[in-house]
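Notes follow once the structure below has been shown.
The values are calculated or read from the model by the stated rules, or taken from the named source; none is laboratory data. Quantities reported herein were computed from a predicted structural model and do not represent experimental measurements. Positions of Cβ are generated from backbone atoms using ideal geometry, with glycine treated the same way; all protein chains shown enter the neighbour counts. We work out accessible area using only protein heavy atoms, side chains counted, and drop any ligands, DNA or RNA first. Shrake-Rupley method; radii C 1.70, N 1.55, O 1.52, S 1.80 Å.
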Amino acid sequence: MESNESQKFIVEVDGVTKEADVLKVVGIDGKRYVIYAVPKNEEESDILASEVVTDAEGYDTLVDIEDAETRKNVLALVNIMFS
Amino acid sequence: MEETVIAAKENLKNSFTELGKNLKIYATAKIDLEKSRLKTVGTSMLGKVKDVNTSISKALNNGKKSILKFKENVSQKATAAKAVIGSAKNVAIKKVKESLGNFGQKATNVLIKSGTIALEGAAVAVSAVNGIINFTSEQIAKYRANRAERIRQKQELIAQKQREQAARIAEAAEREKQHQNAVESAEAFKEYFREQRKEAVLNFKKGAIQKAKSAMALMKIVGKKLLNSLNPRNIDLKIANAFANSQIFVTSLFNNAIKGINDRIDFLSEQLAQYRADKFEKERVKKEKIEAYKEELARKKAEKAKEKESHKNAKQSARVLSAEMRKQDMLNLKASVVQNTKSALSKVGSMGNNIVQAIKNKKDALDEKVSTAFKEARVKTAGYIVGGVLIYNNVKNYASEQIKSFREWNSKRKEQAAIEKAAERERLQKEHDELIEKLRIERDKLIEEITKNIKQDPVVAPVRSM
């Protein structure tokens, strides 16, 4: 596995720029989803998930998961990760 | 018979030998067959492992490429892209990151355990270790359903445990309550027995104090002070004094002892032995004196008891004597009364038949009177002695009445006698006077005759006067 440092990226959460830590990229039904953590405070972090979509230029972008069932599926995988 | 048995034994032995040979042949054939089968399986597994390794290598390469590309290109705003799944402790996240290497295997195992993944899917998932791990929504849905069921069961189990725990707590509370009641009862009993004991101790103390007082009084009497109060501050000095009194404590040691007040005091074993011997001797002398005093006390007590007994006997004797004397006095009085009565009767008798008759009449009257009085008073008389002897009171009253009557009668009789005597005297005087007068007349007559005769005869005889 790659080192953890190689799996970080910058995100803006509620107008604040933060460093996101990629936990895992998973595929569900042929779509890719990235599960990542954004620090909330010194002790806790929010666990977030976004769909990874490759744009026309071949770059990966993050798209919000609108489907509730998909969110539940991602949550199930997160539960497995943290179990 | 014996030959038959030997033959049977031989046959049995041969049968066992044949059976052993057959078993050996069967076992060899079975082992060869299993070896062959295992070899086939092993070859197949080696091929599969090779395929898996190939798949893993491919997946790793794809994952690396994907991640690198992702890392390089993902830099857009995530505000609209994020879907908050939940929150986790940073410590947990760190552990997850460290263990994500086997996430694929772990997820596969979880899904397999949930019965939601096929062998092919597992193989695909396992091949994606450290890369993108692919799942189907059906698999995850099954997993979620299973997980939800497990959670439900777990919650139910927790609820059941909570109910059981509550029941145990209630039971424990009940036991605790019973225990508390038992403890309270025990405490009450304890308190009761404590009070009883306290009372007993107090009584014992009172008794002990009384005994101590008696002992102290005893000691005072024998002139010895037995008890000396001791306390931690003066005990050393008292010990020293005790040694000094027993004359075995030299000055230097005494000084050392004084310095050692409230501190350590050293004594020689000879000193202690001497002190004990001296104390023992004192105790012996004291005991002897106490014994002597006790004996003296017992002797005095015995004397006193004897004296008391004697006094009691004397008192009893006096009481008996007194009663006897009173009885005797009574008898004497009765005898005296009887005698007096007899005497009175005798006197009465001596007064003549008239008097006797009068007394008898009076007596009868008095008897009647007394009898009537007794009847009216409903007093039982003890009877009276025929011939004038009555029981003391009756006789006394009777005699008193008799004497009184006699005195009255006698007084009247005397008066009558005096009257009669005076009348007799008067009569005699009258007769005398009359006789004198007669005589005078006669004399005068004679004188006249004589005078006449004298005149005729001058010689006249002298007349003697009366």
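The table for this structure:
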| read-out | value |
| --- | --- |
| In the A-B interface, the accessible area buried, summed over both sides, Å² (probe 1.4 Å) | 4800 Å² |
| Stokes-Einstein D (µm²/s) once Rh is taken as the Kirkwood radius of the stretch B:138-223 over alpha-carbon pairs, at 25 °C in 0.890 mPa s | 125 µm²/s |
| Chain A: GluC sites (Glu not before Pro) in DSSP loop, at most 12 other beta carbons within 10 Å | A:E42, A:E43, A:E57, A:E66 |
| Subset of B:K24/B:K48; A:K72/B:K113; B:K198/B:K287; B:K282/B:K306 violating a 31 Å alpha-carbon distance limit | B:K24/B:K48; B:K198/B:K287; B:K282/B:K306 |
| Over 27 Å between alpha carbons, listed pairs B:K211/B:K304; B:K211/B:K315; B:K211/B:K286; B:K35/B:K106; A:K18/B:K142 | B:K211/B:K315; B:K35/B:K106; A:K18/B:K142 |
| Solvent-accessible heavy-atom area per residue, rounded to whole Å², over the stretch A:4-82 at 1.4 Å | 45 Å² |
| Spatially proximal lysines relative to B:K445 (Cα-Cα < 20 Å; intrachain offsets below 8 disregarded) | B:K455 |
| Apportionment of accessible area to carbon and sulfur, the stretch B:138-223, percent (1.4 Å) | 58 percent |
| Distance cut-off 21 Å, percentage of C-alpha pairs in the stretch A:4-82 lying past it | 29 percent |
| Total formal charge among the other residues, if their Cβ is under 14 angstrom from that of B:S310, Lys/Arg +1 and Asp/Glu -1 | +2 |
| Average other protein chain Cβ within 10 Å of Cβ, residues B:99-112 | 3 |
| Amide hydrogen neighbours beyond the local backbone of A:E12, cut-off 5 Å, H modeled | A:K18, B:A78, B:T79 |
| Gain on full stretching of the segment that runs from B:K95 to B:E448 - 0.36 nm per residue minus C-alpha separation | 106.0 nm |
| Separation of the B:S322 and B:R407 label points, Cα + 7 Å toward Cβ, nm | 3.3 nm |
